[in-house]
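Remarks on the structure that follows.
The values are calculated or read from the model by the stated rules, or taken from the named source; none is laboratory data. Model, not experiment: these values are computed from the prediction. Reconstructed Cβ throughout: ideal geometry from the backbone, glycine too, with neighbour counts over all protein chains shown.
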Amino acid sequence: MHESGLIQALIDTAEAEAATRRAQLVGIELRLGVLAGGSPAHLREHFEHECARRGLAGVELDIRAEPDYPGGIEITGLSLRPLAKSAP
Ligand SMILES: [Zn+2]
């Protein structure tokens, strides 16, 4: 199974949230439920490939596998760093 489309959608969501908050995306926390369909290591490979493709450097990925959770892959948290305010 290949989840690159799913990972792209997750990163799209995270980047949109960062842009809304005028912040830099520095970390994403994911929860993997029983429907996730891939191992954490495999999803991390997709994530790193997609970050490289977008030129995103240094985004930390925190994956928590919860096999008892009846869902798929969900974002449970974002780490954002406020962008420096430009001088007036
Ligand atoms: Zn895959």
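Annotations for the structure displayed:
- Among the candidates L25, L6, residue that is surrounded by fewer than 18 Cβ atoms within 10 Å (Cβ to Cβ) and within 15 Å of I75 (Cα to Cα): L6
Matching residues to (1) away from the ligand (no atom under 12 Å from the Cβ); (2) under 13 Å from the mean Cα position of the chain (by Cα):
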residue	(1), (2)
I7	no, yes
I11	yes, yes
G27	yes, yes
S39	no, no
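- Applying a threshold of 6 Å to beta carbon distances and a minimum spacing of six or more residues, or different chains, the list of pairs starting in region 8-37 at a residue that is of a type in the set (D, E, K, R) and ending at one that is part of a loop (DSSP other than H, G, I, E, B) reads R22/L83; R31/E66.
- Tally, over region 1-34, of residues that are at pLDDT 90 or above and not in a helix (DSSP H, G or I): 14
- Residue selected from region 43-88 under the condition out of contact with any Asp or Glu (no Cβ under 8 Å at 6 or more places or on another chain), surrounded by 12 or more Cβ atoms within 10 Å (Cβ to Cβ) and of a type in the set (D, E), by the criterion farthest from L25 (Cα to Cα): E66
- The set of residues in region 41-58 being more than 13 Å from the ligand (Cβ to nearest atom) and either among the small types (G, A, S) or under 12 Å from the mean Cα position of the chain (by Cα) (or both) consists of C51, A52, G55, L56, A57, G58.
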